[in-house]
Amino acid sequence: MQEVIKYSESFKQKVVSEISKGKFSSHLEASRAYGINGAATVRRWVKRYGRADLLPRVIRVESENDRNEVEDLKRKIKELEKTVTELAVSEVMHKAYFDIVCEQNGITDSAAMKKKVAAKLSRESGK
């Protein structure tokens, strides 16, 4: 079982203060210096004490083409999801229609009939 280490408020504030004064260049460096486990521990302290400005920021630089490409891909994904849904509904409907036709024509083994129809369609498409 892993030990749980509790840090005092004064210690947490000291670490954040040292980062803000430049003793450490990052929250990760402070974590290593004090042997603090958990990649996000010091990061949480920095946020808690209102010094998120000390945390690294991710800045994403993208061109107009990048943005357009992302939007196009999102649109295509939505279209594909819609198509997949429509195909799934269509498949369910065709199965139901096939079962109804089998029932109306007194066919009790619909699985055998499906194989027979599939074989016939396969022969016809091969011509």
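The values are calculated or read from the model by the stated rules, or taken from the named source; none is laboratory data. Please read all numbers here as calculations on a predicted model, not as lab measurements. Cβ atoms come from the backbone with ideal geometry, glycine included; neighbour counts cover every protein chain shown.
Observations on the model:
- Selection from the range 58-72 of residues that are surrounded by fewer than 10 Cβ atoms within 10 Å (Cβ to Cβ) and under 20 Å from the mean Cα position of the chain (by Cα): Val58, Arg60
- Any hit, the range 36-48, residues being loosely packed, with under 10 Cβ neighbours inside 10 Å and either at pLDDT below 85 or of a type in the set (D, E, K, R) (or both): no
- Selection of the range 86-127 for residues being modelled with pLDDT of 90 or more and acidic (Asp, Glu) yields Glu86, Glu91, Asp99, Glu103, Asp109.
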